[in-house]
Amino acid sequence: MPDLSPGLSPGADLRALVDASPSPFHAVAELGRRLTAAGFTQLAEGDAWSLAPGGAHFVVRSGSLVAFRVGSAPASEVGMRLVGAHTDSPTFRVRPRSDVRQAGYRLVGVEPYGGGLWHTWLDRELTVAGRVVLRGGRSVPVRLDGAPLRLPSLAIHLDRGVREGLTLDPQRHLVPVWSQDLGTEPGLTEALADAAGVVPADVVGSDLVLADTQPAGTTGADGTWIAAPRLDDLASCHAGVTALVAAAPGERTQVFVANDHEEVGSGSMSGARGSFLEDVVGRLVAVTEPGDPQALPRALARSRLVSADMAHAVHPTRYDRHEPAHAPQLGGGPVVKVNANQAYATDAAGAGWFAERCAEAGVPFQWFVSRADLPCGSTIGPLTATRLGVATVDVGAPMLAMHSCRELASALDVPLVTAALTSCYEDA
């Protein structure tokens, strides 16, 4: 695995990426920084592209990124190898008119984003991160220093019924407190402008989320577990970009996509239901194989996509929630995910192909299938397979506490998943 953060182990390197990525915009910036350090150059969608075999580039659209290395052979003849992940995680989005004043406090109005375990956000030191848009259209990434926000829980003395079950109304109960309302203290708008280096009147818009300020850390008796926010799906972003950098150039074009908005259905210009990946791949083929209207469909027909999204490891006390024969273990390697109702895009051919790549890399792999009496989550895999018509396999590193404010995975899986994806990129 390449030394993207000098001196760091694979697990520590993942923790560094997570800490640098409190929002999708920060995640894209960090992925771009790592790609640039590895010799990739950024392209703008509005510019004309000139591409040559071996060229390594990346493109950013809002909170999403596509990176690629052009193969030595035409994609229409040998296909492409693609890996997909997502940059977003369940959180709270700050509302446009966010200044709330009640009971002698100033609060920040937010709205739940995705399907989070919202009780895990209580009593944590939180901040705001994302981007602000300035007059003239320029956007600036922002992350407020310190921990200016908190969601305080209600004392048991004031809610005796909590022992029978905690019920949280997101409109009334999940509104983070900013400060006491003294009438003179600066609010969120002033703090954001200060972080962006402008005056409040220059800020015309924002895309902001809440983020836990506790750094990613290690836990467990032997210290091999990673406790961190946003592992779903920044761990896959880390593995995908690290594998792309590590992969040896070959005949096939290698592509990595990190989409935003997966947690809310992917329906956006930068989500997997949008045209971003299709636009980039289409331009790539059009530039490298000009004048051939059949080049793109031929290339897609010969391609394979790995949808990399985190998988459910068997729970230590709630193991009954897993299908007994498909109970992935932390540290056991990547998990191939299968669902009869196509919540995952894996089929027999895709699973077999991925198993061969794991064997070539010397990496063990595991299986996940939901219980027949439980619903199954989904990924960008079926969406991308549907839009592009590319053979797709859904895989991911095993984890616990998915969609918690602070999730749990194994550092042992970081190099295993990266090696498996590197083998997929290098598939001959």
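Summary of values
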read-out	value
log10 of Debye I(q)/I(0), alpha-carbon scatterers only, for the chain at 0.06, 0.11, 0.14 Å⁻¹	-0.25, -0.84, -1.29
The chain, helix-only ellipticity at 222 nm - DSSP H runs n ≥ 4, -39,500 (n - 2.57), divided by all residues, nearest 500	-7500 deg cm²/dmol
Karplus 3J(HN,Hα) series, Hz, for region 130-137 with 6.51 cos²θ - 1.76 cosθ + 1.60 (x for Gly, Pro)	x, 9, 10, 9, 9, 3, x, x
Loop sites in region 1-100: GluC sites (Glu not before Pro), DSSP, at most 15 other Cβ within 10 Å	Glu45
Rg/Rh ratio calculated on Cα atoms of region 91-212 (Kirkwood radius)	1.01
DSSP beta bridges in the chain [antiparallel fraction, %, rounded to 5]	70 percent
Residue order, fewest to most surrounding Cβ atoms within 10 angstrom, among Met310, Met80	Met80, Met310
Rounded D (µm²/s) - region 301-418, Kirkwood Rh over Cα pairs, Stokes-Einstein at 4 °C, 1.567 mPa s	89 µm²/s
Neighbour-count ranking [beta-carbon atoms within 10 angstrom, fewest first] of Leu231, Leu374, Leu300	Leu374, Leu300, Leu231
Contact order normalised by residue count of region 91-212, Cα under 8 Å, 6+ apart, percent	39 percent
Burial order of peptide ranges 332-338, 50-56 (average beta-carbon count within 10 Å, highest first)	332-338, 50-56
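Quick note: the coordinates plus some simple rules give every number you see, no bench work behind them. Just so we're clear, the structure is a prediction, and the values are computed from it rather than from any experiment. Here the Cβ is made from the backbone with ideal geometry for all residues, glycine too, and neighbour counts use every protein chain on show.
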